[in-house]
Amino acid sequence: MKASRLLANVFAVLYFVFFMIATLFILLIMPFMCLSDIQVLLSTGFAVPDNPNMVMIGVIGIIIGLSMLIPALKIMYYKLPWLAPFVKIFFCNSLIMAVAFTILNYGYEVQNPARHRAFFWLMIAQIVACRLAMSFYFHKRPAKSLEETEHEQPVFVRGQKQEEKAALPSF
Amino acid sequence: MEAEEKPRFLADQESRKKFNKRLNEFGGFALAAFFAAMFFSPSGSPNYDVSDAAKRALEDRVSTALSAGAVLAASDDTVQPVDYTIRHQSQDESTRIWVWDYAAEDGDYVQVLVNGTSLTEPFMIKHKPRAFTVPATGDVQIRGIRDGGGGITYAVHFELNGTTYLNGAPPGEDNTYTLIRE
């Protein structure tokens, strides 16, 4: 093994141990944390001054972003087939819930029942819209491991020629 | 044999490329989320005013040198509620005031009233000042609504006399600023 490749592997392992494990744990619990924060917000009626969820999303975003963009770190996603789908789906989940909390929190900065109701429904609309967008994105770009990508069939869009569909081998 | 392996190798390369492309796309998305989150998150540390005027203001609780939005302290300290009378010669019917949290942004809520009537809904005070238009004569009250921790402390800047008042209002109690035209 070349020294540079060995170094890259060590870097990837260290990155996984020191950054990714904690990130994965946070990704797992963050949607529930956001739901809990929303519940507290609705029950107390008062916003919180700092929004820890968006800060958390920022930190997780840069850790995940670097892991997917730096070639030496991508090895994690090749070696652990479950990692890419897990990170993608849970990051989207966490992001949607963090934005939802941010919207509601902003609405509760002023004590006005009409404003509270408006921002509550705005939050619901945002969750539904973002979940639909997420579904569309993963329909177009399925969150799959490398092995699954190898066996992937092309996704057809409406209007595509029927002959192309027919030319596909059937499994 | 070789003829069978070659297409498989090419297929592997193709799917690896596709997998890589998707990682890059999502990586870019995650980085964009990072920048957006940093943009919308509250700034970690505000620019504290540590000038002599700011120090004097913290002692005197009144300053003509501070501008609206000056942040003076990292934490709330106990401030006794004080009422003020503001005498002025302005002939304007109305004037502007700015209300903000000059210490820790800890979730304090206040409400602005004019002659006992609500001018605003209760709102969270932040470092960024909120501006209101009030009559140039009469009573302007600032009522403490909710203590986010360490007592409700706020600053109010009056356009009429260019003065900033650092005050405290326990929950449910008012600070009254009486505006008198001379």
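Show that you can apply the helix-only estimate: for the protein assembly as shown, add -39,500 (n - 2.57) for every DSSP H stretch of four or more residues, divide by all residues, and state [θ] at 222 nm to the nearest 500.
-16500 deg cm²/dmol
Taking only Cα atoms and a 10 Å spring cutoff, compute GNM fluctuations for chain B and point out the largest among B:Asp108, B:Asp139, B:Asp52.
Maximum among the listed residues: B:Asp52.
Taking the Cα-to-Cβ direction at A:Leu80 and at A:Val128 and moving 7 Å from each Cα, how far apart do the two end points lie in nm?
3.6 nm
Where in region B:97-120 does the amide nitrogen come within less than 12 Å of the point 7 Å from the Cα of B:Thr133, taken along Cα to Cβ?
Those under the cut-off are B:97.
Using the alpha-carbon centroid of each, what span in Å lies between region B:130-182 and region A:39-111?
Centre-to-centre (Cα) distance: 38 Å.
Where both residues lie in chain B, what percent of DSSP beta bridges are antiparallel, nearest 5?
85 percent
Using +1 on the beta carbon of Lys and Arg, -1 on that of Asp and Glu, and nothing else charged, what's the dipole of the protein assembly as shown about the Cα centre, debye to 20?
The dipole magnitude comes to about 1760 debye.
Please identify, among B:Ala33, B:Ala103, B:Ala65, the residue showing maximal mean-square fluctuation in a Gaussian network model of chain B using a 10 angstrom Cα cutoff.
B:Ala33
Once you order the gyration tensor axes a ≥ b ≥ c over the Cα atoms, which shape class does region B:7-113 get: rounded for a/c under 1.5, otherwise prolate or oblate by comparing a/b with b/c?
Here region B:7-113 falls in the prolate category.
Can you list the trypsin sites (Lys or Arg not before Pro) in region B:99-169 that are in a DSSP coil and have 12 or fewer other beta carbons within 10 angstrom?
Here no trypsin sites (Lys or Arg not before Pro) fit, given the DSSP loop and packing criteria.
Among B:Tyr165, B:Tyr48, B:Tyr102, which one shows the highest mean-square fluctuation when chain B is modelled as a Gaussian network with alpha-carbon springs under 10 Å?
Highest fluctuation among the options: B:Tyr48.
Which number comes out as Rg/Rh for the protein assembly as shown once both Rg and the Kirkwood Rh are worked out on C-alpha atoms?
Rg/Rh for the protein assembly as shown comes to 1.16.
In a shell of Cβ-Cβ distance under 13 Å around B:Val134, excluding B:Val134 itself, what net charge do Lys and Arg (+1) and Asp and Glu (-1) give?
-2
From the cross-link list A:Lys140/B:Lys18; A:Lys2/B:Lys21; A:Lys79/A:Lys140; A:Lys74/B:Lys18; A:Lys74/B:Lys17; A:Lys2/A:Lys88, which pairs have alpha carbons spaced over 20 Å apart?
Check vs 20 Å cut-off fails for A:Lys2/B:Lys21; A:Lys79/A:Lys140; A:Lys2/A:Lys88.
No value in this document is a laboratory result; all are computed from the given coordinates. Since the model is a prediction, treat every value here as computed from it, not as a measurement. Neighbour counts run over all protein chains shown; Cβ positions are idealised from the backbone, glycine included.
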